[in-house]
Structure formats: C-alpha cells, structure tokens
Amino acid sequence: MKILIKGCRVVDPFVDYPESCDILIEDGIIAEVRAKIEADVELKLDANGLEAMPGFIDMHTHLRQPGYEYKETVLSGTMAAARGGYTSICCMPNTKPVIDNLESLRALLQLIEKDAVVNVYPIAAISIGQKGEELTDMTSLKNMGAIAFSDDGHPVASKELLRNAMLLSKQRKLLLIDHCEDLRLVNGGVVNEGDASCRLKLKGISAASEEASIERDIAMAEQLGASIHIAHISTKGSAEIIRAAKRRGVQVSCEVTPHHLALTDEIISEGYTDCKVNPPLRTLEDAKALIEALCDGTIDVIATDHAPHSTDDKSGDFYSAAFGISGIE
C-alpha cells in the first residue's frame with residue numbers, strides 16, 4: 001500500500017528539511033521525503049500545519065500487567081503510548097509476580113506478543129522479588145529478552161549486592177538502572193523538604209536522600225570501571241554530581257521526568273494529590289538546573305517514570321499541567 005502525507009513539517013535531528021515536505025510511504029517503509037511529491041497512491045493525507053518526527057522512546061514505563069491490571073495493561077498502556085507518538089517503550093518489573101525469573105519473563109513476553117501495539121522491551125529485576133537480598137540470574141534473563149535490570153521503586157540498599165550486580169553487568173554488558181533513594185533519610189516524607197513541607201505541615205523529603213545514594217552508586221561504578229544509569233533525578237545537586245562524574249570519565253547516565261522539568265512544589269495545595277510523586281516535586285531552582293543539565297548533555301534522556309496515561313485515571317491532567325502551566329522559561 002502506498003500512502004502520501006502532504007505538506008507537513010519534518011523534524012529530524014540529522015537532516016534539515018524544507019518548511020513544507022511530503023512523505024511517501026510504501027508498504028510501511030518511508031520511501032521518500034521531499035517537497036511536492038507526486039505519486040499514484042491508495043491514501044493521501046493532508047498534514048498542513050502538522051509536524052512529523054521519529055517515534056519517541058520511553059525507557060521507564062509501568063505496564064503493571066500481570067497482577068495490577070486495574071492500573072494498566074500491556075494493551076491499554078501501549079495504545080496510550082501509540083496515541084502519544086511513542087513507538088518503543090521499556091517496562092519496569094514491578095508486577096505481580098515480579099519479573100525476576102525466566103518463567104515470569106516468558107509470560108510477559110507472551111503478553112507483549114499478543115497485545116502490544118508498539119515495541120515493548122522488558123526490564124527485569126536486579127534482585128529476586130526486588131527485596132535486595134539475592135541477585136537474579138541476569139545473564140539468562142538477558143538471553144531471553146530483558147534489555148536492562150532495575151529494582152525500580154526499591155533502591156538497592158545493599159552495597160554488597162550492588163557491587164556484585166555491577167561486576168556482573170561489566171562482564172556481561174548489562175544495563176543497571178537504580179532508583180536512588182536513601183529510605184533512612186526519607187523516613188516517611190511525602191513532599192519536598194522546605195517551603196512546601198512547612199506550608200502544608202507535611203513531613204519533607206530532603207535532597208540529600210537522593211544525592212547521597214547517587215554519590216554512592218557513582219563511587220562504586222568509578223572504582224569498578226562499571227556503568228550505572230540513575231533513574232528520575234530531581235535536584236540541582238544530583239545534576240551537579242552526575243555532571244562532575246561524567247567529566248571524570250565515569251560511565252554514568254541518567255534520566256529526568258517531564259514533571260520534574262516543568263512543575264515545582266509551589267503548585268502543591270492541600271488535597272491536590274495529583275502532585276504526589278516520587279521523587280517529590282522540587283523547587284524552581286532545581287527545575288531550572290535540570291533543564292540546564294538536559295541542554296548540556298548531563299541528563300541523557302527524558303522518561304515518564306509513569307504508566308503511559310490511560311484514560312481511566314487523572315494522569316493526563318497531571319501531564320497537561322506539566323506541559324501547559326509550568327511558567328518555567
């Protein structure tokens with residue numbers, strides 16, 4: 001089948017296209033991109049005023065299936081991803097059962113094969129049950145199709161376990177993703193420690209709870225010559241720690257969420273639970289520092305750290321706010 005998309009603006013990081021382009025697609029493959037294509041086609045689409053760009057990739061999503069289908073499923077999550085322009089997503093292992101063995105990974109891959117409408121790449125757990133006590137068989141899980149390993153939502157508290165995981169990741173070329181949070185410092189906090197926690201009279205979560213854990217991971221990776229990916233950084237200090245480590249040649253990468261770039265703890269009001277995220281929304285100074293870190297390459301990727309916004313919850317409202325009313329320039 002031939003499809004011709006007429007008059008769009010093509011956004012491509014590698015090619016400078018004219019303001020108005022046509023795109024000719026033949027049997028699902030882009031055959032030509034240029035101005036004023038004339039061809040006999042089965043379908044012609046007027047895209048005047050619209051933009052065409054490569055499909056987005058989200059390396060940190062939660063499809064929740066199996067076990068938490070009331071939150072999300074492979075089908076609903078990938079349909080939402082496709083609607084938002086994402087053609088590939090990576091899903092975290094915090095399902096029930098946890099994706100920590102070959103049987104659970106095989107079952108997830110079967111669900112993906114049956115229901116997914118975009119590419120889905122599973123991330124398996126670092127430790128069995130995400131309990132931080134015993135490593136999973138990461139080599140076998142990678143061979144079956146796991147593209148990375150994370151105890152997402154559960155920081156790897158054991159230094160010995162993390163060290164062993166890093167040594168194995170270095171040997172087997174595995175990607176480790178750590179949720180950096182010192183739970184002893186969090187200690188029941190629910191919002192950013194500072195003006196917001198004082199104003200709302202809620203227990204705060206300090207920047208140190210994130211930054212101390214990041215420093216530990218980077219120090220270990222540097223000593224071992226291993227690599228580490230830090231999930232969802234949220235503070236100015238975290239960005240500065242990672243920037244300095246990269247300059248020293250440490251193999252560290254990191255991600256940031258849209259809401260930590262575009263929202264701050266100033267918008268939180270009593271009872272507004274859409275703002276309950278982990279790590280918490282931080283200050284305007286933090287958000288500006290994260291934007292700067294994204295622009296200078298310190299931050300490698302934007303990832304949602306969220307289910308892909310199915311229509312049965314209020315997450316769409318939250319992300320509309322993040323992109324529409326932030327006021328951050």
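Derivation of every value follows stated rules applied to the coordinates shown; laboratory data play no part. Just so it is clear, the structure is predicted and the values come from calculations on it, not from any experiment. Cβ coordinates were reconstructed from backbone atoms using ideal geometry, including for glycine residues, and neighbour counts include every protein chain displayed.
If the segment from A107 to Q251 were pulled out straight at 0.36 nm per residue, it would be longer than the present Cα-Cα gap by 48.6 nm.
Note on the chain: Kirkwood hydrodynamic radius from all Cα pairs is 21.4 Å, rounded to one decimal. Averaged over residues, the count of other Cβ atoms within 10 Å places the peptides 184-190, 173-179 in the sequence 173-179, 184-190, highest first. Only helices enter the 222 nm calculation for the chain: every DSSP H run of n ≥ 4 contributes -39,500 (n - 2.57), and dividing by all residues gives -10000 deg cm²/dmol, rounded to 500.
Expressed to the nearest 5 percent, the antiparallel share of DSSP beta bridges inside segment 87-206 is 10 percent. Between V190 and L224, the simple spin-label model (points 7 angstrom out along Cα→Cβ) gives 3.7 nm. The stretch between N48 and F14, if pulled fully straight at 0.36 nm per residue, gains 10.0 nm over its current Cα-Cα span.
Placing a pseudo-label 7 Å from each Cα along the Cα-to-Cβ vector at K288 and S88 gives an inter-label distance of 3.6 nm.
To the nearest 20 debye, what is the magnitude of the charge dipole of segment 90-190 about its Cα centre, counting +1 on the Cβ of each Lys and Arg and -1 on the Cβ of each Asp and Glu?
Working: 11 positive and 13 negative charges, 57 e Å.
The calculation lands at about 280 debye.
The residue among F56, G132, I302 whose Cα reaches farthest toward the positive pole of the charge dipole of the chain, with charges on the beta-carbon of Lys, Arg, Asp and Glu, is G132. Antiparallel beta bridges, as assigned by DSSP with both residues in the chain, represent about 30 percent of the total such bridges. About its Cα centre, segment 11-145 has a charge dipole of approximately 700 debye under the convention of +1 per Lys or Arg Cβ and -1 per Asp or Glu Cβ, with nothing else charged. In sequence order, segment 102-111 has phi-based couplings of 5, 5, 5, 5, 4, 5, 5, 4, 5, 4 Hz under the Karplus curve 6.51 cos²θ - 1.76 cosθ + 1.60, θ = phi - 60°, and Gly or Pro positions carry x. Counting only DSSP beta bridges whose two residues both lie in segment 1-135, roughly 45 percent are antiparallel.
When the chain is fully extended, how far beyond the present Cα-Cα distance does E26 get from N164, taking 0.36 nm per residue of separation? Kindly include the intermediate steps, with their values, before the conclusion.
Working: separation 138, 0.36 × 138 = 49.68 nm, distance 4.89 nm.
That works out to 44.8 nm of additional length.
So what does log10 I(q)/I(0) come out to for segment 1-47 at q = 0.20, 0.32, 0.33 Å⁻¹, using the Debye formula with one equal point on every Cα and no solvent? These q points yield log10 I(q)/I(0) values of -0.59, -1.24, -1.28. Each listed q (0.24, 0.32, 0.33 Å⁻¹) maps to a log10 I(q)/I(0) for segment 168-214, found by the Debye formula over equal Cα scatterers with no solvent: -0.80, -1.05, -1.08.
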